[in-house]
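Structure, as structure tokens:
The values are calculated or read from the model by the stated rules, or taken from the named source; none is laboratory data. Not measured: the values here are computed from a predicted model. Backbone-built Cβ (ideal geometry, glycine too); neighbour counts: all protein chains shown.
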């Protein structure tokens, strides 16, 4: 019997339209701009990608269970502000908390991750126990976190970090930025969590069919709370890194990061309808989004055009997800 | 080329059991896939146009 070829070029190009387009754009940018294909630019790409990949990993769990997390960006902002407050240099004149003794970087990181984990757990409890749609629950949390951040920081931007904190983002080991190690560690953890643990199986089961998962004995409430708690912890880690990378933090930090993360997940094949998504896909999605931004910066394109391009990429990603949903059902 | 198969009316899920996003996606159930493909193609073309305009106007 003749075996029919399963590879369809048109379908492949249609499914990966954005990725192919950005690859072409990167090639064009490399051929027309100096210093694009350099280790320095690659290092810059990795530094930009790392916090966003960590945020996207956090959001991915919510998306796989048919949820979302619109508070991600503001939580990142709050985490960056908390990190900044704890890790300002002791001799910095405009210190936000002048009475605070010198806090070790690791202690500040743990404190920030725990606080953001609590916020994530609250999100999870509201969604799992009260059955509030994730869109509404996290939209409310977004505003609450933003308001809390303004109160805590008095709306003052913060800088003057101690060198050990700044080095977390600026330092490198064998020319590989420290930020990349954080991203690799998080990626490996999520890869293990999604593919090798009961939690991962429960997560995909809930995303596939929540009622069926519950009937099959999955503790849906506990799984959802764990997912949002873990997401909050990831925002905490990402916020800590974003603060170190930027060398300062304010209430504006993290604005719009949630949409970038959701878009990156969607580009990477994490379906907004749940039950589908891989860590490798998330990495590709984040890479595509960041590569698009860096290419347009190299080409000297006005940031206004970059925003329009990013918006179109999000629309195409959602349309592709919708197409997959309609073709599958 | 073979048209992609679409589900029958009776195969469709009960909308009251669906999440918000699924409900939103169900609104497009009657839209032929070729129109969706056309929309995606137009968006990609618009993306290329925006990038080209951005490069020309720098």
- Of those in region A:167-177 that are assigned to a helix (DSSP H, G or I) and surrounded by 18 or more Cβ atoms within 10 Å (Cβ to Cβ), the residue nearest to the chain's Cα centre (by Cα) is A:169
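Kindly check whether there is at least one residue in region A:289-297 that is under 29 Å from residue A:199 (Cα atoms), more than 12 Å from every other protein chain (Cβ to nearest Cβ) and crowded, with 19+ Cβ neighbours inside 10 Å.
To start, the set of residues in region A:289-297 that are under 29 Å from residue A:199 (Cα atoms) comprises A:289.
Among the residues that remain, those that are also more than 12 Å from every other protein chain (Cβ to nearest Cβ) are: A:289.
Filter again for crowded, with 19+ Cβ neighbours inside 10 Å, leaving A:289.
Yes, that holds for at least one residue.
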- Item | Complete set of residues in region A:129-143 that are more than 22 Å from the chain's Cα centre (by Cα) and either part of a helix (DSSP H, G or I) or without any contact (Cβ under 8 Å) to a residue 12 or more places away in the chain (or both) | A:130, A:131, A:132
- Take region A:314-329 and flag every residue that is within 7 Å of chain B (Cβ to nearest Cβ) and either assigned to a helix (DSSP H, G or I) or buried (at least 20 other Cβ atoms within 10 Å of the Cβ) (or both). A:315, A:316, A:319, A:320, A:322, A:323, A:325, A:326, A:327
- Note on the structure: How many residues of region A:153-194 are closer than 19 Å to residue A:58 by Cβ and free of Cβ contacts under 8 Å to residues at least 60 places away in the same chain? The answer is 7
- Item | Failed criterion for residue A:304 (all others in (1) touching a residue at least 12 places away in the same chain (Cβ under 8 Å); (2) over 21 Å from residue A:46 (Cβ atoms) hold) | (1)
- Item | All helices (runs of 4 or more DSSP H) inside region A:1-77 with 3 or more residues being within 20 Å of residue A:293 (Cα to Cα), over 13 Å from the mean Cα position of the chain (by Cα) and touching a residue at least 40 places away in the same chain (Cβ under 8 Å) | A:17-32, A:39-64
- Item | Failed item in (1) within 21 Å of residue B:40 (Cβ to Cβ); (2) in contact with a helix residue (DSSP H, G or I) (Cβ under 6 Å, 6 or more places away or on another chain); (3) not in a helix (DSSP H, G or I), with residue A:265 passing the rest | (3)
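Please verify whether region A:266-285 includes one or more residues that are closer than 30 Å to residue A:150 by Cα, at pLDDT 90 or above, surrounded by 18 or more Cβ atoms within 10 Å (Cβ to Cβ) and within 14 Å of the chain's Cα centre (by Cα). Talk me through it step by step, then tell me what you get.
Applying the first criterion (closer than 30 Å to residue A:150 by Cα) to region A:266-285 yields none.
No, there is no match, as no residue in region A:266-285 is closer than 30 Å to residue A:150 by Cα, at pLDDT 90 or above, surrounded by 18 or more Cβ atoms within 10 Å (Cβ to Cβ) and within 14 Å of the chain's Cα centre (by Cα).
Just a yes or no: is a residue in region A:23-34 on the phi < 0 side of the Ramachandran plot, in contact with a strand residue (DSSP E or B) (Cβ under 6 Å, 6 or more places away or on another chain) and buried (at least 16 other Cβ atoms within 10 Å of the Cβ)? I'd like the intermediate steps shown before the answer.
Start the filter on region A:23-34 by keeping residues that are on the phi < 0 side of the Ramachandran plot, which leaves A:23-34.
Checking the rest, the ones that are also in contact with a strand residue (DSSP E or B) (Cβ under 6 Å, 6 or more places away or on another chain) come to none.
The answer is no, given that none of the residues of region A:23-34 is on the phi < 0 side of the Ramachandran plot, in contact with a strand residue (DSSP E or B) (Cβ under 6 Å, 6 or more places away or on another chain) and buried (at least 16 other Cβ atoms within 10 Å of the Cβ).
For every residue, the table says whether it meets (1) closer than 30 Å to residue A:94 by Cβ; (2) surrounded by 14 or more Cβ atoms within 10 Å (Cβ to Cβ); (3) over 22 Å from the mean Cα position of the chain (by Cα).
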| position | (1), (2), (3) |
| --- | --- |
| A:145 | yes, yes, no |
| A:159 | yes, yes, yes |
| A:164 | yes, yes, yes |
| A:204 | no, yes, no |
| A:207 | no, yes, no |
| A:214 | no, yes, yes |
| A:222 | no, no, yes |
- Inside region B:23-36, the number of residues satisfying the requirement of being more than 7 Å from every other protein chain (Cβ to nearest Cβ), closer than 23 Å to residue A:10 by Cβ and in a helix (DSSP H, G or I) is 2
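Is region B:41-50 home to any residue that is modelled with pLDDT of 80 or more, under 18 Å from residue A:292 (Cα atoms) and more than 8 Å from chain A (Cβ to nearest Cβ)? Don't jump to the end; show me each part of the working.
Filtering region B:41-50 down to residues modelled with pLDDT of 80 or more leaves B:41-50.
From the residues that got through so far, the ones that are under 18 Å from residue A:292 (Cα atoms) too are B:43-50.
Checking the rest, the ones that are also more than 8 Å from chain A (Cβ to nearest Cβ) come to B:45, B:49.
Yes, some residue in region B:41-50 is modelled with pLDDT of 80 or more, under 18 Å from residue A:292 (Cα atoms) and more than 8 Å from chain A (Cβ to nearest Cβ).
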